[in-house]
Amino acid sequence: MDATLDLLRQSAPLLLKGAGYTVLLSLIGMALGLVLGFGLALMRLSRMALLRWPAGVYVSAIRGTPLLVQLFLIYYGLPQFGIELPPLVAAGIGFSLNIAAYACEILRSAIANVDRGQWEAATVLGMSRGQTLRRVILPQAARTAVAPLSNSFISLVKDTSLAATIQVPELFRQTQLITARTFEIFTMYLAAAALYWIVSTLLAAGQGWLERRAAEGRR
Amino acid sequence: MSAVEARGLVKRFGVMPVLREIDLDVAAGEVVAIIGPSGSGKSTLLRCLAGLELLDGGNLRIAGVEATPRAPLARALKGRVGFVFQGFNLFPHRTALENVIEGPIVVRRQSRDAARARGLALLDKVGLADRAHAYPGELSGGQQQRCAIARALAMDPEVILFDEPTSALDPELVGEVLSVIRDLAVERRTLLIVTHQMDFARDVADRTIFMDDGVIIEQAPSRELFGAPKEERTRRFLGKVAATGP
């Protein structure tokens, strides 16, 4: 028992450092993914086929291929064309591009589900398409989108463990390195699982808070 | 001076003609009711006048703005034509007052203070002074529709179009909305009202138009049209409405 505690105490700095990377990658992936996903959603909702079509293909390709394959393409594949990215950058790009496709679909359906009458009411007031979107449609769409976006975010937190395969020293990678040295396999992976759980739980609590805030004002 | 001048308006949904060559003139200050069976095209006519539907043909001039076939009219109007929807369509994330001042602030670039003062006065006018800070979800249907009327009024519209404004309301709430519209008629505002409330049309509208199958069958001063309809189809419709209730 004492030996286990000792091991955990010794590993803690490395594990926490790994968890730091996990949180960092999650936040970068979500932030950039949301921005990109929003742009894609607008393209998907556009009246111009030239905008709609590429966004549709993008979403289909990303959602139809494994994230692991996408990360390998970026980190191991791109150097063939002279593009060598540091592991953290490659992972950040990979997660952002991946989350963008899911965020796009969530935002697109949230925007499309706002009642047509809301567009019409804003239109007869003389509001432009952009004004309507910003002031009338998005605040309502955001409420619908918060819950599924939070789910994507929590999935992302766990998916960041895939970055271990492209040399990012995140939580899973740190755990692998420690087990290779100490052979305390069960204990260490259990500790890693516990850390993932703690991070996800904190984020879920944040999601609850966001949802309650979004629900305010519509009673 | 005409508030509405429409010549040969045509609207099709796919290949189905919904409006067949409608001519319509409404003078400034006139109150016009449009009646007719469901599917007769009366709501579509109203939506075309507001620019919510694109025209497939004809010429339209409303509130001094010229509409051309296949060109969006609604945004060119900039709120000069008010529209009151059957389903209210208030913005659910905005209070009653915020709903009313949205257009003046965003489209007319009025100062927030000026828009608020005017908005509160308009809410008072429709009997909602004490509900100014309530959200639409906290209001009854009748209150929501009165708020929607205040929202339209805030843009100082030259014409206000009402698309079955009481059809989505519980019967006991119809009266409060009709009474607000009646007040606007008394002020000699230009109103076009699609309605199933025959008594209201007869009492409040200067003129009533009977539409069927995308065509104006008959129009006359309201008392005349309800008292002595000339066309057989009008007589049949009015007879049916009288037989089934109010």
Binned Cα-Cα distances of segment A:30-153, short to long, each 10 Å bin given as a whole percent: 13, 36, 30, 14, 6, 1
Relative contact order [Cα under 8 Å, 6+ residues apart], chain A, whole percent: 29 percent
Beta bridges by DSSP in the protein assembly as shown, antiparallel share as percent, to the nearest 5: 60 percent
Acute angle (nearest 10 degrees) that the helix B:96-106 long axis makes with the longest principal axis of chain B, alpha-carbon atoms: 90 degrees
Amide H contacts of B:Gly58 (H built 1.01 Å from N, under 5 Å, at least 5 apart or other chain): B:Val10
Hydrodynamic radius by Kirkwood, which averages 1/r over all alpha carbon pairs of segment B:1-126, in angstrom: 16.3 Å
In nm, spacing of pseudo-spin labels at A:Trp209 and A:Asp2 (7 Å Cα→C-beta vector): 4.1 nm
Packing rank of A:75-86, B:155-166, A:184-195, where each peptide gets the mean count of other beta carbons within 10 Å, highest leading: B:155-166, A:184-195, A:75-86
Sequence-distant lysines (8 or more away, or on other chains) whose Cα lies within less than 17 Å of B:Lys42: B:Lys11
Relative packing of B:104-110, B:205-211, which averages over residues the other C-beta atoms within 10 Å, highest first: B:205-211, B:104-110
C-alpha long axis of helix A:49-63 to longest principal axis of chain A, angle in °: 20 degrees
For B:85-93, mean number of other protein chain Cβ atoms within 10 Å: 6
Angle between chain A longest axis and helix A:171-182 axis [Cα atoms, degrees, rounded to 10]: 10 degrees
Proximal aspartates and glutamates relative to B:Lys230, as straight alpha-carbon distance under 16 Å, when same-chain residues fewer than 8 apart are discounted: B:Asp212, B:Glu218
In nm, spacing of pseudo-spin labels at B:Ser140 and B:Val15 (7 Å Cα→C-beta vector): 4.9 nm
For chain B, share of DSSP beta bridges that run antiparallel, in % to the nearest 5: 60 percent
Estimated [θ] at 222 nm from DSSP helical runs (n ≥ 4, -39500 (n - 2.57)) normalised by residues in chain B, nearest 500: -11000 deg cm²/dmol
Theoretical ellipticity at 222 nm over chain A - DSSP helices of four or more residues, -39500 (n - 2.57) apiece, nearest 500: -26500 deg cm²/dmol
Footprinting exposure proxy for B:Val241, A:Val57, B:Val126 (fewest neighbouring C-beta atoms within 10 Å first): A:Val57, B:Val241, B:Val126
Theoretical FRET efficiency, 1/(1+(r/R0)^6), r = Cβ-Cβ of A:Leu16 and A:Arg52, R0 30 Å, to 0.05: 0.10
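Any read-out appearing in this document is the output of simple, stated calculations on the displayed coordinates, not a laboratory observation. Computed from a predicted structure; not experimentally measured. FYI the Cβ positions are ideal-geometry reconstructions off the backbone, even for glycines, and counts take in every protein chain you see.
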